[in-house]
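Trainee: Please see the structure below; I have some questions.
The values are calculated or read from the model by the stated rules, or taken from the named source; none is laboratory data. Worth saying up front: this structure is predicted, and the values here are computed from it rather than measured. Quick reminder, even Gly has a Cβ in these numbers, built from the backbone with ideal geometry, and neighbours come from all protein chains shown. Side chains included, ligands, DNA and RNA excluded: accessible areas come from the protein's heavy atoms. Shrake-Rupley method; radii C 1.70, N 1.55, O 1.52, S 1.80 Å.
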Number of protein chains: 2
Amino acid sequence: MSERLIQSIERAADVLEIFLTTNSELSVKEISEKVNLSKSTVHGIIKTLEHRGYLQQNPDDLKYRLGIKLFELGNFVGKHLDIRSIARPIIKDLVNELNETVHLVLLNRNEIIYIEKEDGPRTLTMYSHIGKRAPVHCTGVGKAILAHLSDQEVDRLLSIQNLLSFTEFTMTDKEEIKNHLKSIRECGYAVDDEEIELGLKCIAAPIFNHQGNVIASISCAAPKIRLDEERLPKVIAGIRKAALEISKALGYKGVMQR
Amino acid sequence: MSERLIQSIERAADVLEIFLTTNSELSVKEISEKVNLSKSTVHGIIKTLEHRGYLQQNPDDLKYRLGIKLFELGNFVGKHLDIRSIARPIIKDLVNELNETVHLVLLNRNEIIYIEKEDGPRTLTMYSHIGKRAPVHCTGVGKAILAHLSDQEVDRLLSIQNLLSFTEFTMTDKEEIKNHLKSIRECGYAVDDEEIELGLKCIAAPIFNHQGNVIASISCAAPKIRLDEERLPKVIAGIRKAALEISKALGYKGVMQR
DNA sequence: CATTGCGTTCGATATTGTCGAACACCATTC
DNA sequence: GAATGGTGTTCGACAATATCGAACGCAATG
């Protein structure tokens, strides 16, 4: 683990990633304060990143924002995420069937990242966007993945940072979560019942690769009222079927339990 | 222009951008050959980029590919490109009306970059994808933008690199192109008639911002046979109308000429 | 069991990124 | 219109640190 990392590159990454948490343009001074480097140092970093198209300067106020090169690289990555192109048509069919928003996520580090999203026709939809991150312990998609990882792996992921609480229903006790994962593993789907946002309910199922490892998951997200006793079984069946379909398209050899 | 750029960051950018031209995973050795740096140096750069999620290593063959962080950053940029969200519904309507693929592009450096694409229902569509780049001098979208830039700017853009020829119809003489731009400016739309790919025809129109400067363009791209004398006027009118609509949504105060 | 071809580690060296200070520029203020 | 405060930007000296080559570990190959 004693890797020799190149500081300038790390600093450049720091600068770029600050923009992910700010939502607006930033001045040299603002950036230098946020990364704790001198103005002149930050200026050098910024000018280099700008020169390569990773940042761009607004000529009006001289502030900076993320550049088109990142858009170019990001879309290239998206294009080569083959699970995405495999899943997209299946997700579209599912949205048509359920009339609700469906998400596809990957596990990345200790969080999940949305890589595909198809909104349902209803106006009341969840706030989410492709590329966004969310915690694993309080999302259906996160729990669906956790439930099929090894105990050590789950332990590791849940220990990287404190388990934040978002609503009164968020589980923050590691043992409680691990027990809960068992039942998810048994029934084949995960439910997030207002654990990250009040009023929001999600039904999620895991996606496996050709080696039988979970690598992703999909979920249906909707206001709790819309997922009533009548519709719930339909949604669960639909999500599970779609997840299995995507898994099989990825070369998964298993079958649906029960 | 005598800026002091930080070499390590440039080198890291070199490494990342190599992947845009390769379409596959690369080994340390392959990368080090392509960037002309020693294996150990490249190894350091790669490990740093991997540590930050800009690259990821395939555990099977130890080769590297672009990482999820770039996907995250790229989608963030895409989300904040407001012209994109403004244009998307207008483009969708246009595709429904014309039944052909429509592209939205920005000028970036001396190339255009596709930032939105909506395929038509036909099976024979153009190969393009969001984030891709193309030259300005032989695309409808490129010429539509050039036609509304200043003479000096056009000169500068056309001089950055040699004007490559793709088909027998590609214009590579700067004076010829500049004359051609005049007629585009007069009629309000640009045509690419097999100038980048045999059989491909595009009709493009410029998009202006609130200051009246061209900042983007949209085009309809289709096999030449499908844009016959009967359909052409419809397509031209549709593209021009949509371009003006987007411009107005961006605060443009002008009107359509003639 | 040599051999080849990788990825990776390590230490010495000189390159080069960093900081503080100074400068340029544009507001606003008096 | 001089003075002020807040920017972004430039510059030189110094010390930090990225670089290279050599060596190592580990497969696969013959």
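Trainee: Pairs only if they're at least six apart or on different chains, beta carbon under 6 angstrom, first in the stretch A:179-207 and without any contact (Cβ under 8 Å) to a residue 40 or more places away in the chain, second loosely packed, with under 15 Cβ neighbours inside 10 Å and in a loop (DSSP other than H, G, I, E, B); list them, first residue then second.
Mentor: Listed pairs, sorted by first residue: A:E194/A:T167; A:E194/A:F169; A:L198/A:T167.
Trainee: Every residue in the stretch B:56-82 that is more than 7 Å from every other protein chain (Cβ to nearest Cβ), away from DNA strand D (no atom under 16 Å from the Cβ) and either among the aliphatic types (A, V, I, L, M) or open to solvent by 40 Å² or more (accessible area, probe 1.4 Å) (or both), please.
Mentor: The answer is B:Q56, B:R65, B:H80, B:L81, B:D82.
Trainee: Now for a different question. With respect to B:E100, determine if the residue is acidic (D, E), within 14 Å of another protein chain (Cβ to nearest Cβ) and either touching a residue at least 12 places away in the same chain (Cβ under 8 Å) or farther than 19 Å from B:I215 by Cβ (or both). Give the derivation first.
Mentor: Numbers: acidic (D, E): yes; within 14 Å of another protein chain (Cβ to nearest Cβ): no; either touching a residue at least 12 places away in the same chain (Cβ under 8 Å) or farther than 19 Å from B:I215 by Cβ (or both): yes.
Against the criterion (acidic (D, E), within 14 Å of another protein chain (Cβ to nearest Cβ) and either touching a residue at least 12 places away in the same chain (Cβ under 8 Å) or farther than 19 Å from B:I215 by Cβ (or both)), B:E100 does not qualify.
Trainee: I'd like the full set of residues that are within 9 Å of DNA strand D (Cβ to nearest atom), polar (S, T, N, Q) and either more than 11 Å from chain B (Cβ to nearest Cβ) or within 16 Å of A:K69 (Cα to Cα) (or both), limited to the stretch A:24-45. Quick ask: steps written out before the conclusion?
Mentor: Of all residues in the stretch A:24-45, those within 9 Å of DNA strand D (Cβ to nearest atom) come to A:26-32, A:38-44.
Cutting the leftovers down to polar (S, T, N, Q) gives us A:27, A:32, A:38, A:40-41.
Of everything in the stretch A:24-45, those that are within 9 Å of DNA strand D (Cβ to nearest atom), polar (S, T, N, Q) and either more than 11 Å from chain B (Cβ to nearest Cβ) or within 16 Å of A:K69 (Cα to Cα) (or both) turn out to be A:S27, A:S32, A:S38.
Trainee: In the stretch A:123-140, what count of residues is obtained for those that are at pLDDT 90 or above and surrounded by fewer than 20 Cβ atoms within 10 Å (Cβ to Cβ)?
Mentor: Count: 3.
Trainee: Taking the condition of being more than 8 Å from chain B (Cβ to nearest Cβ), open to solvent by 20 Å² or more (accessible area, probe 1.4 Å) and in contact (Cβ under 8 Å) with a residue 24 or more places away in the chain, how many residues in the stretch A:4-23 meet it?
Mentor: 1
Trainee: Within the stretch A:83-122, how many residues are more than 29 Å from A:L158 (Cβ to Cβ) and open to solvent by 30 Å² or more (accessible area, probe 1.4 Å)?
Mentor: Total satisfying the criteria: 13.
Trainee: Right, something else. Does at least one position in the stretch A:189-211 carry a residue that is within 15 Å of A:A243 (Cα to Cα), in contact with a Leu (Cβ under 9 Å, 6 or more places away or on another chain) and assigned to a loop (DSSP other than H, G, I, E, B)?
Mentor: yes
Trainee: Next up: For the stretch A:28-48, indicate whether the set of residues that are of a type outside the set (D, E, K, R), in a loop (DSSP other than H, G, I, E, B), more than 15 Å from DNA strand C (Cβ to nearest atom) and open to solvent by 30 Å² or more (accessible area, probe 1.4 Å) is non-empty. Break it down stepwise before answering.
Mentor: Within the stretch A:28-48, the subset of a type outside the set (D, E, K, R) is A:28, A:31-32, A:35-38, A:40-46, A:48.
Okay, now just the ones that are also in a loop (DSSP other than H, G, I, E, B), so A:36-38.
In the following step, the residues that additionally are more than 15 Å from DNA strand C (Cβ to nearest atom) were identified as none.
Among the residues of the stretch A:28-48, not one is of a type outside the set (D, E, K, R), in a loop (DSSP other than H, G, I, E, B), more than 15 Å from DNA strand C (Cβ to nearest atom) and open to solvent by 30 Å² or more (accessible area, probe 1.4 Å), which makes the answer no.
Trainee: Same structure, new question: Please go through the stretch A:1-27 and give me each residue that is among the aliphatic types (A, V, I, L, M) and within 10 Å of DNA strand C (Cβ to nearest atom), ordered by number.
Mentor: Here is the first cut: in the stretch A:1-27, the ones among the aliphatic types (A, V, I, L, M) are A:1, A:5-6, A:9, A:12-13, A:15-16, A:18, A:20, A:26.
Answer for the stretch A:1-27, where residues must be among the aliphatic types (A, V, I, L, M) and within 10 Å of DNA strand C (Cβ to nearest atom): A:M1, A:I6, A:I9, A:A12.
Trainee: Next question, about the same structure. Residues in the stretch B:164-186: is at least one under 18 Å from B:R240 (Cα atoms), in contact with a helix residue (DSSP H, G or I) (Cβ under 9 Å, 6 or more places away or on another chain), open to solvent by less than 50 Å² (accessible area, probe 1.4 Å) and assigned by TED's automatic domain parsing to the domain that holds B:V235? Quick ask: steps written out before the conclusion?
Mentor: First, pick out the residues of the stretch B:164-186 that are under 18 Å from B:R240 (Cα atoms): B:181-186.
Those left that are additionally in contact with a helix residue (DSSP H, G or I) (Cβ under 9 Å, 6 or more places away or on another chain): B:181, B:184.
In the following step, the residues that additionally are open to solvent by less than 50 Å² (accessible area, probe 1.4 Å) were identified as B:181, B:184.
This time we only want the ones that are assigned by TED's automatic domain parsing to the domain that holds B:V235, so: B:181, B:184.
Yes - at least one qualifying residue is present in the stretch B:164-186.
Trainee: With A:T21, A:T48 as the choices, which residue is away from DNA strand D (no atom under 11 Å from the Cβ) and out of contact with any Leu (no Cβ under 8 Å at 6 or more places or on another chain)?
Mentor: Values: A:T48 fails: out of contact with any Leu (no Cβ under 8 Å at 6 or more places or on another chain).
When all the criteria are applied, what remains is A:T21.
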